[in-house]
Structures are given as structure tokens and as C-alpha cells.
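The values are calculated or read from the model by the stated rules, or taken from the named source; none is laboratory data. In this text, all values refer to a predicted model and were calculated from it rather than measured experimentally. Cβ coordinates were reconstructed from backbone atoms using ideal geometry, including for glycine residues, and neighbour counts include every protein chain displayed. We work out accessible area using only protein heavy atoms, side chains counted, and drop any ligands, DNA or RNA first. Shrake-Rupley method; radii C 1.70, N 1.55, O 1.52, S 1.80 Å.
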Amino acid sequence: MLKHLSRVRIEFNAFDRRNAAALEFLAQCNSQKARESNPKCDVAVKRRTDDHPPFVQVTFNNGQEETMDCTQLTAQSIRRSILDRAEEMETAQMFKDAGLQWPVVIPDQEAELARRMQGKSR
């Protein structure tokens with residue numbers, strides 16, 4: 001997961017009951033496997049003393065940032081969001097490197113045909 005990131009910033013109030021996802025995500029970031037995947041990734045933690053909701057802010061290797069409010073998320077959903085976004089960026093880069101247009105525009109007729117075929121295979 002960290003291999004796609006250059007920076008992770010996690011902020012939370014230790015006495016706030018809403019910080020479970022942020023703390024679990026921090027534990028995942030500090031795992032040996034995660035750290036070995038990208039030792040250069042900067043993981044910063046700020047313990048707050050105010051009522052600001054806990055959040056995770058990640059900076060991807062290409063400089064794009066995403067901030068996630070952890071009050072309604074699980075650590076797994078934060079991780080999944082990062083991996084999905086990284087996969088999307090990798091796909092876009094592959095298309096760009098190949099000189100192809102991204103995103104791919106699928107004509108309505110083809111999309112409808114694919115939906116019908118998918119419904120028949122179930």
C-alpha cells in the first residue's frame with residue numbers, strides 16, 4: 001500500500017471515540033511489510049487536542065493528494081480507497097505511455113450490449 005505513496009499524514013485526538021479507523025490505519029502503515037514496500041514514505045502523526053475529526057491525508061507518488069475523514073470509515077476502506085486510486089493512476093499512465101486516450105470512451109450501444117450479456121451469464 002505504501003509503495004504508491006510519498007507521504008501519509010494522520011491526525012487524531014487520542015480521547016476521541018471516532019479515531020478507531022485512523023489508529024488502525026496507522027498500525028497498518030507502521031507494519032514491517034508496509035514499511036518495506038516503501039521505506040522512503042514519510043508517515044507523520046499529529047495528536048490533536050481539539051474536536052477536529054480524525055483524518056488521513058495521503059500524497060501519491062505523482063503528487064496528487066487525497067484527504068479522508070475517518071469518522072465514517074474503516075481502516076480497510078481507507079486502504080481500499082488508496083489502492084483503487086493508485087490502480088486508476090497506473091492505468092491512466094499506461095494509456096498515456098502508449099499514446100492512447102484516457103479515459104476510454106465506450107459508445108452507449110456497446111455499453112448496453114455488455115450489460116445485457118452480463119445479465120444473461122448470471
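In the context of the full set of protein chains, the range 2-122 has a per residue accessible area of 70 Å² (1.4 Å probe). Along its principal axes, the chain has C-alpha extents of 55, 32, 25 angstrom, given from the largest down. Note on the chain: with neighbouring protein chains present and a 1.4 Å probe, carbon and sulfur make up 50 percent of its accessible heavy-atom surface.
Size descriptors for the range 23-67: radius of gyration and Dmax over Cα atoms are 12.0, 34 Å. A straight Cα-to-Cα reach below 30 Å connects LYS96 with the lysines LYS3, LYS40, residues fewer than 8 places away in its own chain not being considered. Rounded to the nearest 5, the antiparallel percentage of DSSP beta bridges internal to the chain is 60%. Overall, the chain carries a charge dipole of about 420 debye about its Cα centre when +1 sits on the Cβ of Lys and Arg and -1 on the Cβ of Asp and Glu, all other atoms neutral. The sum of -39500 (n - 2.57) across all DSSP H runs of n ≥ 4, divided by the residue count of the chain, sets its helix-only mean residue ellipticity at 222 nm to -13500 deg cm²/dmol.
Applying 0.36 nm per residue to the separation of ARG116 and ALA14 and subtracting their alpha-carbon distance, the gain on full extension is 31.6 nm.
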